[in-house]
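S.K.: First, the structure itself, so that you have it in front of you.
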Amino acid sequence: MSSALHPRQLANLLRATIRSIEERWFDATHRVHTSGNASVRNPSEVVGQIRDGEAYVPVRAANARVALADLPIHDLSAFTFVDLGSGKGRMLFIAAELPFQRVLGVEYSTALHQQALQNIASHRRSKQRSQTIESIHADAAEFEFPNENLVLYLFNPFGPEVITRVLANLRQSLLRHPRHIIVLLLWPENSHLFSEVDGFRLHRKTRRYHIYETIHP
Ligand SMILES: C[S@@+](CC[C@H](N)C(=O)[O-])C[C@H]1O[C@@H](n2cnc3c(N)ncnc32)[C@H](O)[C@@H]1O
């Protein structure tokens, strides 16, 4: 019996090895622990409710940077970056390398939020250009949006049930405080729900990401 790998197996092995090296490189160079998938199974492990939440799978830094470079913004310092479902915080450190006014993560898992807090305390600040990085322990379905211009980033954190609640909150927030809001969806599975929101238009649609923004008068 031959022990040689099938070309597809070899390709998968290579991909997994490259991915693992990327993950270790990111964590080592940023002095954080953001690698490793994790899921919540028990309501006691989260704040709020487990509805249609997805497991923690950290973003690939290269994919995130390409999408961030395509945001329709001239002055990033006029925006707050919000990661809904931020996990251990990898995207927070990537976004904070840009001059956003501040960077916020919203995470409902207690363990992941605690890891994000440790990462925020230990991370190498030499590349940080945003003023602050914060992890908020909250259910995105209940999150009250800050009144600033926002970049809302979602990397498939939850399904339609929570998205519908988030969009209802966002609509209310926009009615109270009209402002520039950009939504960046990475590998989106429920983009159609965002396309149906009044007052938003599609800015860019690629295979990897979709970007929506509020329509200016
Ligand atoms: C696919 S991971 C994305 C991680 C991170 N945003 C990134 O890009 O690296 C989804 C995250 O959403 C979190 N999540 C799921 N449902 C949530 C909810 N209702 N409120 C807040 N966080 C939630 C999960 O615990 C997990 O950390």
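S.K.: Find the residue count for the range 43-88, including only residues that are more than 20 Å from L170 (Cβ to Cβ), within 6 Å of the ligand (Cβ to nearest atom) and either assigned to a helix (DSSP H, G or I) or in contact with a helix residue (DSSP H, G or I) (Cβ under 6 Å, 6 or more places away or on another chain) (or both).
M.R.: 4
S.K.: Search the range 89-113 for residues being more than 8 Å from the ligand (Cβ to nearest atom) and part of a helix (DSSP H, G or I), and hand back the single one that is most open to solvent (accessible area, probe 1.4 Å).
M.R.: Among residues in the range 89-113 that are more than 8 Å from the ligand (Cβ to nearest atom) and part of a helix (DSSP H, G or I), the one most open to solvent (accessible area, probe 1.4 Å) is A111.
S.K.: If I go through the range 191-210 residue by residue, how many of them are of a type in the set (A, V, I, L, M, F, W, C), more than 14 Å from N156 (Cα to Cα) and either open to solvent by less than 50 Å² (accessible area, probe 1.4 Å) or under 17 Å from the mean Cα position of the chain (by Cα) (or both)?
M.R.: Residues flagged as of a type in the set (A, V, I, L, M, F, W, C), more than 14 Å from N156 (Cα to Cα) and either open to solvent by less than 50 Å² (accessible area, probe 1.4 Å) or under 17 Å from the mean Cα position of the chain (by Cα) (or both) within the range 191-210 amount to 2.
S.K.: Still on this structure: Can you name every residue in the range 163-186 that is in contact with a strand residue (DSSP E or B) (Cβ under 6 Å, 6 or more places away or on another chain) and closer than 16 Å to G85 by Cα?
M.R.: Answer for the range 163-186, where residues must be in contact with a strand residue (DSSP E or B) (Cβ under 6 Å, 6 or more places away or on another chain) and closer than 16 Å to G85 by Cα: V183, L184, L185, L186.
S.K.: Further, regarding this structure: Under the condition of being closer than 17 Å to N156 by Cβ and over 14 Å from the mean Cα position of the chain (by Cα), which residue from the range 32-45 is surrounded by the fewest Cβ atoms within 10 Å (Cβ to Cβ)?
M.R.: Looking at the filtered set, the residue picked out is N37.
S.K.: Here's a follow-up. Taking L175, is it in contact (Cβ under 8 Å) with a residue 12 or more places away in the chain and not in a loop (DSSP other than H, G, I, E, B)?
M.R.: no
S.K.: Separate question: Among the listed residues A11, A38, which satisfies the condition of being of a type outside the set (D, E, K, R) and within 25 Å of T206 (Cα to Cα)?
M.R.: Going through A11, A38 in turn, just one is of a type outside the set (D, E, K, R) and within 25 Å of T206 (Cα to Cα): A11.
The values are calculated or read from the model by the stated rules, or taken from the named source; none is laboratory data. What you see is a predicted model; the values in this text were computed from it and never measured. FYI the Cβ positions are ideal-geometry reconstructions off the backbone, even for glycines, and counts take in every protein chain you see. Ligands, DNA and RNA are excluded from the accessible area calculation, which covers all protein heavy atoms including side chains. Shrake-Rupley method; radii C 1.70, N 1.55, O 1.52, S 1.80 Å.
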